[in-house]
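Participant: Before I ask anything, let me first share the structure, which is written out below as structure tokens.
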2 protein chains.
Amino acid sequence: METLFDYLHLRRLGINTHQEPVVYMRQDCHVAMSEGFYAHSRVQISTASHQTIATLVLVCSDLLSHQEAGISEATWHLLGCPADGEQAWFRHARPVDSMSFVRGKIYGQRFTQEAASAIIADIKAGHYSDIQLSAFVTSCAGDRLNLDETIAITRAMVDSGQRFDWEQDKVLDKHCVGGLPGNRTTPVVVAIVAANDLLMPKTSSRAITSPAGTADTMEVMTPVTLDFARMQAVVEQQGACLAWGGSVSLSPTDDIVIRVERALDLDSEGQLVASVISKKVAAGSKQVLIDIPVGPTAKVRSQATAQTLKHLLEQTGAALGLDVRTVITDGSQPIGRGIGPALEARDVLQVLRNDGHAPQDLREKSLQLAGVLLEMGDKAAPGQGYALAQSTLLSGQAMARFEAICLAQGGFNEPQLADYSHVIRAERTGVVAYFNNRFLARLASLAGAPNARSAGMDLHVALGDQVQAGDPLFTLYAEAPGELAYALDFLNGHTDVIRIEDDMV
Amino acid sequence: METLFDYLHLRRLGINTHQEPVVYMRQDCHVAMSEGFYAHSRVQISTASHQTIATLVLVCSDLLSHQEAGISEATWHLLGCPADGEQAWFRHARPVDSMSFVRGKIYGQRFTQEAASAIIADIKAGHYSDIQLSAFVTSCAGDRLNLDETIAITRAMVDSGQRFDWEQDKVLDKHCVGGLPGNRTTPVVVAIVAANDLLMPKTSSRAITSPAGTADTMEVMTPVTLDFARMQAVVEQQGACLAWGGSVSLSPTDDIVIRVERALDLDSEGQLVASVISKKVAAGSKQVLIDIPVGPTAKVRSQATAQTLKHLLEQTGAALGLDVRTVITDGSQPIGRGIGPALEARDVLQVLRNDGHAPQDLREKSLQLAGVLLEMGDKAAPGQGYALAQSTLLSGQAMARFEAICLAQGGFNEPQLADYSHVIRAERTGVVAYFNNRFLARLASLAGAPNARSAGMDLHVALGDQVQAGDPLFTLYAEAPGELAYALDFLNGHTDVIRIEDDMV
């Protein structure tokens, strides 16, 4: 076929289009003209060794010669990092067949296992454009996935990635569905559980719409981008790890979906369950404790929603062979003082070090969760887990194990505070009556978290505290003045971040 | 504020990102670093005279210097076509507030007028990224817009663009909801109606997911990109025009929404009604006839759906002051022989020229539609419209007026056939029993239509025709061999495009 002889020379342009593969081509080059490409065509690129699909961006200037095809970083990786000048052939990509399942879903049909597997496989292969990913994410949001669909997507996600097998009956794990700023219990819980000789190979995600995920916070203190073999080695040595899930390809499509959810500021209940359970199964976990904080401005706002989610998590877990237990906790205010990776890391270390200044709410919640896990792992009799967790923390064993895990992962760093800060003070005297968790999270994000590791905020008050006008409520931290200004700008338009009311007593 | 002094020099890169505004910046330039930008940040760009929002793409190579910001064609236009080197300032764009309405919709809330207006205004201003546009389109698809929401979006779309006022009571218009290949009645209808001295300022859209829209077909014969003043002049002179709606900004957000619908191969019923009615209102139309073809593989597949659509169109029209009449027609097979811009243009001209080879189904349907419009315009008594339409066509007045309209729009060209063609023959003897309109449309699209103007297909048979094995069924046309090969490739996997069955008689 004539088109087989139409090639262009690849050129890595050093353009970071995030995860969407893009190819750049002159609109008047022979390939674009003979193939009938137009802007945003989905194009199949073949080299001698690799093949992928990319979105075409046409160039009408001398940025490229007529013999060149520019490739973005994502395309360059998918093509196996070709050298500049390597030949590549181009043709229209076949329409992505699995998009018909997404269209069916939009029109009210249910995902079958076949549909879910086809969609997840195409997403993993990079066959979905950002526009198509957004349609998939939107079609699942708003509680439109039922239990069977959630199980189907979960199974498809597990099948799409690597999977650990620890060859043990007790492999513990925990997860928080999120929505509550701070609340960084995981590093403390893992340290306590591992110090009791239970296996806890913890993988965490990065922030979706929040100012920090556990992986972001841990990265302040230690490398979290561990490959499969490295993670295995850390767990064999220390009984636990605190790694970024994305780096070990446990559920490779999850980060792609999460990127789009983040751009839309949208979480889907079914996607959330599929994301959580698939990673737990892939991580080889057997007993999983899930924290569901409930509060008026948390991600889960009512006991009814919490019960639905509890059911969906436990049932999906059971379908995939997991023992899932859920605890519904108080989500009316942040847990801990810091919000943002470095500030939360500091809180975690204060708790682990039995520091007198450690935030007691974070300490208390971590002990309770660790206690349940110690019971699930048969290290403590029912009702005795908390006491064991407490003694493990007080004895310094938890901190010792935490440091050992960090060292095994590649080193330990003390968190640093950001250079720019600004104290926000109470405008009136009264009692702290309400925290808007969403606004607090937004503020910390605007200040730069989680990309700016030391950005975020420190809370100086809690619900029920008596404050005088002029007392500090919280301190904003930023690494750049622009970000600090942007957060303060938001604060001007949103006064109800922390509400102070008259003391009714 | 310090950031006010952080600027970069703009450089037009000649990159056509379609309608999504993009800005390129080195990830290690002072602006990206001090503002805390990351990949896919939404960035506000300000020059001395203009301001817009663009999606940030980070560059990690020498494509740009540290003092430069590259801009895509869309961004360059939104910034008023700045000269290279012009200074620009950058900051984080505020989150797009109207996305909260889209999120609400995904969670089952209804669009109010306020929500619809805010969303449409933000889309018009270019504030939605492709990912956000896709979420909006998806949230509306699958019949999720009720009548009130459809009216709200229609009103918002009308308010967002220019609006014609013809200062007359009778301003006729027609529209087909689509889904049927060929079916290019509009040019014939407009010619007949205008030849009877009725006003018919017709604006049409380009193809969404089909191989040709009326604007695509007309563009083969005459310029259709008329500005507001030019369109007005054509209509004042000839009583009618056949222009592309997008070029006169009648409903500027519609093309943006359509681009995303096309990428998703998705039509939303409510968006369809809003799109149709808003353009009719903006065009200053008063009496509108809408053709709803129904068939097993047409866009509308059941009488029930057709009735829903009829109701939605008539009620939305009435809410915006239009007299909307609908006709439900046979959509079981294409109308006319050609599918694709030039091939359809040839059919249209054969009908207008009373050519003995003219496709009779296209002629008949055009006369019926024109007849109804002549009655709506009070040029014929009820029941007499068809006869008047027929005599207008036979007398040559319709063709004369068609040519006059084309000349007023800038000239008339005869359609040309494509260089590459391939005849598809019947594999068996029997009766033509079934056309798959969607596969036919897909075939014509794969062959290059509508971007390749002369690409598409010619049908040689109709339902009920007796054929012998080896008889030609249709001819594929393409402008490039790659496209022809691609269409033939599709045909290998999809044999049920035209089905031949045993003759049961």
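The values are calculated or read from the model by the stated rules, or taken from the named source; none is laboratory data. A quick note: this is a predicted structure, and the numbers were derived from the prediction, not measured. Here the Cβ is made from the backbone with ideal geometry for all residues, glycine too, and neighbour counts use every protein chain on show. Heads up: the accessible areas ignore ligands, DNA and RNA and are worked out on the full protein's heavy atoms, side chains in. Shrake-Rupley method; radii C 1.70, N 1.55, O 1.52, S 1.80 Å.
Participant: Pick out, from B:Ile328, B:Gln307, B:Thr297, the residue whose Cα sits farthest towards the positive end of the charge dipole of segment B:285-408, with +1 on the Cβ of Lys and Arg and -1 on the Cβ of Asp and Glu.
Facilitator: Positive-end residue among those listed: B:Thr297.
Participant: To the nearest 0.05, what FRET efficiency results for B:Thr495 and A:Gln44 with a Förster distance of 25 Å applied to their C-beta separation? Intermediate results must be reported in sequence, preceding the final value.
Facilitator: Working: r = 24 Å, r/R0 = 0.95.
Taking R0 as 25 Å, the efficiency between B:Thr495 and A:Gln44 is 0.60.
Participant: Which of rounded, prolate, oblate describes segment B:420-501, given a ≥ b ≥ c as roots of the alpha-carbon gyration tensor eigenvalues and a/c under 1.5 marking rounded, otherwise prolate only if a/b is larger than b/c?
Facilitator: Values: a/c = 2.05, a/b = 1.95, b/c = 1.05.
It is prolate, given that a/c is not under 1.5 and a/b is the larger ratio.
Participant: May I pose another question? With every protein chain kept in the model, how would you rank A:Met200, A:Met33 by accessible area, 1.4 Å probe, largest at the top?
Facilitator: Details: A:Met200 0, A:Met33 125 Å².
Solvent-accessible surface, decreasing: A:Met33, A:Met200.
Participant: While we're on this one: Ignoring any ligand, DNA or RNA, what whole percent of the accessible area of segment A:2-92 comes from carbon and sulfur when the probe is 1.4 angstrom? Walk me through the numbers before you get to the answer.
Facilitator: Values: 1880 of 3610 Å².
Answer for segment A:2-92 is 52 percent, counting heavy atoms of protein chains only.
Participant: Chains B and A: how much accessible area gets covered up at their contact, both sides added, probe 1.4 Å, in Å² to the nearest hundred?
Facilitator: Values: alone 20870 and 20840 Å², together 36500 Å².
Interface area, both chains combined: 5200 Å², rounded to the nearest 100.
Participant: Short version: ³J(HN,Hα) in whole Hz for each residue of segment A:38-54, in order, from phi by Karplus 6.51 cos²θ - 1.76 cosθ + 1.60 (θ = phi - 60°), x for Gly and Pro, what are they?
Facilitator: The phi angles translate into 9, 3, 6, 4, 9, 10, 8, 10, 10, 10, 4, 10, 9, 8, 7, 10, 9 Hz.
Participant: Under the rule a/c < 1.5 gives rounded, and otherwise a/b versus b/c splits prolate from oblate, where does segment A:99-159 land using the Cα gyration tensor?
Facilitator: On the way: a/c = 1.65, a/b = 1.08, b/c = 1.53.
Oblate, since a/c reaches 1.5 and b/c is not below a/b.
Participant: Once the piece of chain linking B:Leu407 and B:Ser100 is laid out straight, how much longer is it, given 0.36 nm per residue of separation minus the C-alpha distance between them?
Facilitator: In short, 105.7 nm is gained.
Participant: Run the 1.4 Å probe and let me know the accessible area of B:Arg110, rounded to the nearest 10 Å².
Facilitator: 130
Participant: Run the quick spin-label model on B:Asn146 and B:Glu364: label points 7 Å from Cα toward the beta carbon, then report their separation in nm to one decimal.
Facilitator: Calculated label separation equals 4.2 nm.
Participant: Run the numbers for B:His311 and B:Asp227: contour at 0.36 nm per residue of separation, minus the present Cα-Cα distance, in nm.
Facilitator: Values: separation 84, 0.36 × 84 = 30.24 nm, distance 3.31 nm.
Gain in length upon complete extension: 26.9 nm.
Participant: ³J(HN,Hα) across segment A:391-397 via Karplus (A = 6.51, B = -1.76, C = 1.60, θ = phi - 60°), whole Hz, x for Gly/Pro?
Facilitator: Once θ is set to phi - 60°, the couplings for segment A:391-397 become 5, 5, 5, 4, 6, x, 5 Hz.
Participant: When the helix-only estimate is applied to chain B (DSSP H runs of n ≥ 4, each -39,500 (n - 2.57), divided by the residue count), what is the mean residue ellipticity at 222 nm, nearest 500 deg cm²/dmol?
Facilitator: Details: 18 runs with 204 residues, N = 505.
It comes out at -12500 deg cm²/dmol, rounded to the nearest 500.
Participant: Between B:His311 and the same site in the other copies, what are the distances in nm, shortest first, taking label points 7 Å from Cα along the C-beta direction?
Facilitator: For B:His311, the other copies' label points sit at 3.2 nm, shortest first.
Participant: Give the nm distances, rounded to one decimal, from B:Ser61 to the matching residue in every other copy, measuring between label points 7 Å along Cα toward the beta carbon; shortest first.
Facilitator: Result for B:Ser61, in nm, nearest copy first: 1.5.
Participant: Also, quick follow-up: Counting heavy atoms of the protein chains only and a 1.4 Å probe, report the per residue accessible area for segment B:2-92 as a whole number of Å².
Facilitator: On the way: 3610 Å² over 91 residues.
Per residue, segment B:2-92 has an accessible area of 40 Å².
Participant: Could you give me the percent of Cα pairs per 20 Å distance bin for the protein assembly as shown, shortest bin first, beginning at zero and ending with the bin that holds the maximum distance?
Facilitator: Reading the bins upward from 0: 12, 40, 32, 13, 2, 0.
Participant: How big is the charge dipole of segment B:44-174 about its Cα centre, in debye rounded to the nearest 20, if each Lys and Arg gets +1 on its Cβ and each Asp and Glu gets -1 on its Cβ? Walk me through the numbers before you get to the answer.
Facilitator: Values: 11 positive and 17 negative charges, 96 e Å.
It comes to approximately 460 debye.
Participant: Just to check I understand the Karplus step: with θ = phi - 60° and J = 6.51 cos²θ - 1.76 cosθ + 1.60, what whole-Hz values come out for segment B:129-135, glycine and proline as x?
Facilitator: For segment B:129-135, the Karplus curve yields 6, 4, 4, 6, 4, 5, 5 Hz.
Participant: In addition: To the nearest 10 degrees, how steeply does helix A:113-124 sit against the main Cα axis of chain A, on a 0 to 90 scale?
Facilitator: Approximately 80 degrees, to the nearest ten.
Participant: Under 5 Å between amide H atoms, partner at least 5 residues away or on a different chain: which partners does A:Arg425 have, H built in plane at 1.01 Å?
Facilitator: Result for A:Arg425 returns A:Leu473.
Participant: Probe radius 1.4 Å, ligands and nucleic acids left out: which of A:Ile120, A:Ile328 has the largest accessible area, and how do the rest follow?
Facilitator: Working: A:Ile120 5, A:Ile328 55 Å².
Accessible-area ranking of A:Ile120, A:Ile328, largest first: A:Ile328, A:Ile120.
Participant: Where does each of B:Tyr128, A:Tyr107 land when they are ordered by accessible area, with a 1.4 Å probe and the largest first? Don't skip to the answer; put the middle values down first.
Facilitator: Working: B:Tyr128 10, A:Tyr107 110 Å².
Per-residue accessible area, sorted high to low, gives A:Tyr107, B:Tyr128.
Participant: So how exposed is A:Asp143, as accessible area in Å² (1.4 Å probe, rounded to 10)?
Facilitator: Accessible surface of A:Asp143 is approximately 90 Å².
Participant: Then there is this: When each copy gets a label point 7 Å from Cα toward the beta-carbon at B:Asp148, what are the spacings between them in nm, shortest first?
Facilitator: The projected label point of B:Asp148 is separated from its counterparts by 3.4 nm.
Participant: Moving to a separate point now. For peptide A:472-482, what's the mean number of Cβ atoms from other chains within 10 Å of each residue's Cβ?
Facilitator: Details: counts 0, 0, 0, 0, 0, 0, 1, 3, 7, 7, 14.
Counting other chains' Cβ atoms within 10 Å and averaging over A:472-482 gives 3.
Participant: Only Lys, Arg, Asp and Glu count, each charged at its Cβ (+1, +1, -1, -1), so figure out the dipole size of chain A about its Cα centre, rounded to 20 debye. Walk me through the numbers on the way to the answer.
Facilitator: Working: 41 positive and 58 negative charges, 117 e Å.
Result for chain A is approximately 560 debye, rounded to the nearest 20.
Participant: Could I ask something else about it? How much accessible surface area, in Å² rounded to 10, belongs to the heavy atoms of A:Glu114 with a 1.4 Å probe?
Facilitator: Accessible area of A:Glu114: about 130 Å².
Participant: Using Cα-only point scatterers and the Debye equation, what is log10 of I(q)/I(0) for chain A at each q in 0.10, 0.12, 0.13 Å⁻¹, rounded to two decimals?
Facilitator: -0.83, -1.12, -1.26
Participant: Can you give the mean number of other chain Cβ atoms that lie within 10 Å of the Cβ atoms in peptide A:127-133?
Facilitator: Numbers: counts 0, 0, 5, 8, 15, 4, 2.
Shielding by partners across A:127-133 averages 5.
Participant: Where a ≥ b ≥ c are the square roots of the eigenvalues of the C-alpha gyration tensor, would you call segment A:2-92 rounded, which needs a/c under 1.5, or, failing that, prolate if a/b is larger than b/c, or oblate? Walk me through the intermediate numbers first.
Facilitator: Details: a/c = 1.37, a/b = 1.17, b/c = 1.17.
Since a/c stays below 1.5, the shape of segment A:2-92 is classed as rounded.
Participant: Hey, if you put +1 on the Cβ of every Lys and Arg and -1 on every Asp and Glu Cβ in segment A:169-232, which of A:Val171, A:Thr185, A:Asn196 ends up farthest toward the positive end of that dipole?
Facilitator: My answer, from the dipole projection, is A:Thr185.
Participant: Cross-link list A:Lys124/A:Lys174; B:Lys279/B:Lys365; A:Lys279/A:Lys379; A:Lys170/A:Lys379; A:Lys105/A:Lys279; A:Lys174/A:Lys286: which exceed 20 angstrom alpha carbon to alpha carbon?
Facilitator: Values: A:Lys124/A:Lys174 26 Å; B:Lys279/B:Lys365 23 Å; A:Lys279/A:Lys379 25 Å; A:Lys170/A:Lys379 10 Å; A:Lys105/A:Lys279 24 Å; A:Lys174/A:Lys286 11 Å.
Table pairs above 20 Å Cα-Cα are A:Lys124/A:Lys174; B:Lys279/B:Lys365; A:Lys279/A:Lys379; A:Lys105/A:Lys279.
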